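Each value in this text was obtained by applying a stated rule to the coordinates, not by laboratory testing. Bear in mind that the values here come from a model prediction, so they are computed numbers and not experimental data. As a convention, Cβ positions derive from the backbone with ideal geometry for all residues, glycine included, and neighbour counts pool all protein chains shown.
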Amino acid sequence: MQKVLIVDDSQTNLTLLDHMLRRQGCEIVQARGGHEALTLAGEHEFALILLDIQMPGMNGYETAMHLKQLPRGRHVPIIFITAIYQDEENVRMGYETGAVDYLFRPVNVQTLTSKVQVFLQMHRQKVLLEREIESRVQSERSLRQAEEKYRSIFERAVEGIFQCTPDGTFTEVNPAMARLFGFDDPAGMIGVGGLRRQLMVESDDMNRYMGILRRDGYVSSFEFSGRRRNGDTFWCSESSRLVTFDNGTELVEGVLEDVTRRKQTELELKHLATIDSLTGVYNRHLFFDRLEHALVTAKRTDSIVAVLFIDLDEFKRVNDTYGHHAGDELLRMVAGRLQKRVREADTLARLGGDEFGVLLECLDDQNGALTVAQSLLEVMTTPYVITGEHIRVGATVGISFFPDDGKDGVSLISRADSAMYGVKRRGGVRFGTFRECGVPR
C-alpha cells in the first residue's frame, strides 16, 4: 500500500489530517518533527509528504532541504501546510526548498483529498514506469506505454492543466481546462493566437500575471475573473511556472481550477462585515473607513467633506410604549427613508442605537450639506405605520466640516455629535453646524 507521511509537531493537527485521509486508500505515517521525518524517509518509500512549516528544532523549510538530500526523499513531492506563512516571501522559499504546492489552514477536506489522490495516482504510475523501464530500458514500447499513462493522467485530471507561450497561445490543454472555459474539446483552444488574454475579464490581470511570472519565475494561487466561450464569467485560481529550454524557447505550464463558489462566499462575508444586520445600511466600521478615504481625497483636491450626525427624537418612548420589536421596525423604516434621500456617492450608516451618520464628499461649499440635512428631516415628518399604529418621530442633525471643524475622522464625528446636542439644547431648530451649535458634552 502507498504511504503518505504527515509531519507536524501538533498531535491535534496530525490526528485531524489522519482523519481526513483515512479513506484515501493509503497508509498514513506520522512524524512529530523534522528529525523523525528524516529517519522515516530514510526507511520508507513515500508517495507524498504533507509538511508543517512552523516546528521547533527543525522547521519545515529545513526539513524539506534535508529530505531532498536523501536517496528515497529526493523525488518525493512535498506539500506545505501552514496557517501563518502565507506571504509571498515564504511561498517563494517553499518552492525553492522543493515544495510542489501549498495548503493553508483551515484545510479544505475536498481540496486536500483531491490533491492527495492526484499525487497517489502519479506515484502509482511512477512506480509502474520505473519497473517497466528497469526491465525494458531500450524498449520503445515501454516508453510509449509510459507516455500513454501520463497522458491518461493529463486527460482525466479534474483540474485544468495547460501549456502556453508567453504571448498567450495555448500549445497543450487538457479536457478539464477546455470544459472550464466552455469549449467542446481542447483542439478549439490550441493554436489560437493570444487566446489566454481574451479569457481574462480584466485586461490588467494578464499584465499583472506576466509581471509576477517574469519576476519570480512562477505564480502561486493567482486569482482572476475568467470568461467562458459563451461570455459567462467565473473565478479562477492558477499556479504556474515559466520554463526556459536550452534553445531559449519559453513556455508557461500551469494548473487552473474554478474557485467561484469559494470566492462568492468570501465576497458575501466581506459584504456582510460592512452591513448593519438590523437596518441593512452600512455599519460604523465601514463609515469610518469611507471617512478616512474621503479625507485623503479632500486633502489632495482641496475639497469639503461634511459629516451629518442624526439622532432620532423620542425613540426611547417608542420602545417603552410599543416594545423593542416596534423599535427595531422603526429603525428599519427610518433607514429606508434616509437611504432614498442620499446620493449614490454619499454614505449612510447606522452608527449605533438610534443614531445614523451621513458622509458627504467633494462639496463645493457648506450650503450643500445644509440642504441635505433639510431634505433628510423632511422625509421624517410622515408618520410610520407599525402594527397598525401611526407613530411620529423626529430627528436632530448635527453637522461638522473638513477642514474647518477637524482634520481627522474622530474629530469630525465627535464635533458633529456635539453640534447635534447643541441643537437639542437650543430648541426651536432641528439641525445646526458645529460652529453655530457645538457645545461641550
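Once you compute Rg and the Kirkwood Rh from C-alpha atoms, what is the Rg to Rh ratio for the chain?
1.15
Using the crude model of +1 on Lys and Arg Cβ and -1 on Asp and Glu Cβ, and no other charge, please compute the dipole size for the range 157-268 relative to its Cα centre, in debye to 20.
Dipole of the range 157-268, to the nearest 20 debye: 160 debye.
First check a/c for the range 78-119, with a ≥ b ≥ c the square roots of the eigenvalues of its C-alpha gyration tensor; if it is under 1.5, answer rounded, and if not, answer prolate when a/b is larger than b/c or oblate otherwise.
Oblate, because a/c is 1.5 or more while a/b does not exceed b/c.
At q = 0.13, 0.19, 0.21, 0.22 Å⁻¹, what log₁₀ I(q)/I(0) does the range 323-391 have when each alpha carbon counts as one equal point scatterer in the Debye sum?
Ignoring solvent entirely, the Cα scatterers give -0.42, -0.80, -0.93, -1.00.
Counting only other residues whose beta carbon sits under 11 Å from that of Leu14, what net charge do I get with K and R as +1, D and E as -1?
So the surrounding residues net to -3.
Applying a 10 Å radius around every beta-carbon, put 31-37, 258-264 in order of their mean neighbour count, most first. Intermediate values should be presented prior to the final figure.
Numbers: 31-37: 19.6, 258-264: 14.9.
Final packing ranking: 31-37, 258-264.
Report the net charge of residues surrounding Ala369, where surrounding means a beta-carbon distance below 14 angstrom and charges are Lys +1, Arg +1, Asp -1, Glu -1. All intermediate terms of the calculation are to be shown ahead of the outcome.
Details: positive: Arg341, Arg343, Arg415, Arg435; negative: Asp346, Glu361, Asp364, Asp365, Asp404, Asp405, Glu436.
Combined, the nearby Lys, Arg, Asp and Glu give -3.
From Cα pairs below 8 angstrom and at least 6 apart in sequence, can you work out the relative contact order of the range 347-399, rounded to a whole percent?
Here the relative contact order equals 21 percent.
Rounded to a whole number, what is D in µm²/s for the range 1-146 from Stokes-Einstein with the Kirkwood radius over alpha-carbon pairs (37 °C, 0.692 mPa s)?
Roughly 207 µm²/s, to the nearest whole number.
So, counting K/R as plus one and D/E as minus one, what does the shell of residues with Cβ under 14 Å around His285 add up to? Present the calculation step by step, with values, prior to reporting the outcome.
Numbers: positive: Lys270, Arg284, Arg290, Arg350; negative: Asp276, Asp289, Glu292.
Around His285, the charge tally is +1.
For a protection proxy built on the mean count of beta-carbon atoms within 10 angstrom, sort 244-257, 161-174 highest first, please. Mind showing how you got there, number by number?
Values: 244-257: 13.7, 161-174: 18.1.
So the peptides 244-257, 161-174, ranked by packing, come out 161-174, 244-257.
Checking the a/c ratio against 1.5 first, then a/b against b/c, what shape does the Cα gyration tensor give for the range 157-268?
Since a/c reaches 1.5 but b/c is at least a/b, the shape of the range 157-268 is classed as oblate.
Lys/Arg Cβ at +1, Asp/Glu Cβ at -1, dipole of the chain taken about the Cα centre: which of Asn13, Gly60, Gly438 is farthest positive-ward?
Result: Gly438, furthest along the dipole toward the positive end.
Using packing as a proxy for protection, rank 75-81, 368-374, 100-106, 411-417 so that the peptide with the highest average count of other Cβ atoms within 10 Å comes first.
On the way: 75-81: 20.0, 368-374: 17.1, 100-106: 15.0, 411-417: 21.9.
Per-residue mean Cβ counts within 10 Å order the peptides as 411-417, 75-81, 368-374, 100-106.
Charges on Cβ only, +1 for Lys and Arg, -1 for Asp and Glu, centred on the Cα centroid of the chain; of Ser375, Val192, Met210, which one is farthest towards the dipole's positive end?
With unit charges placed on the Cβ atoms, the residue in question is Ser375.
Treating the beta-carbon of each Lys and Arg as +1 and of each Asp and Glu as -1, no other charges, what is the dipole magnitude of the chain about its Cα centre, to the nearest 20 debye?
540 debye
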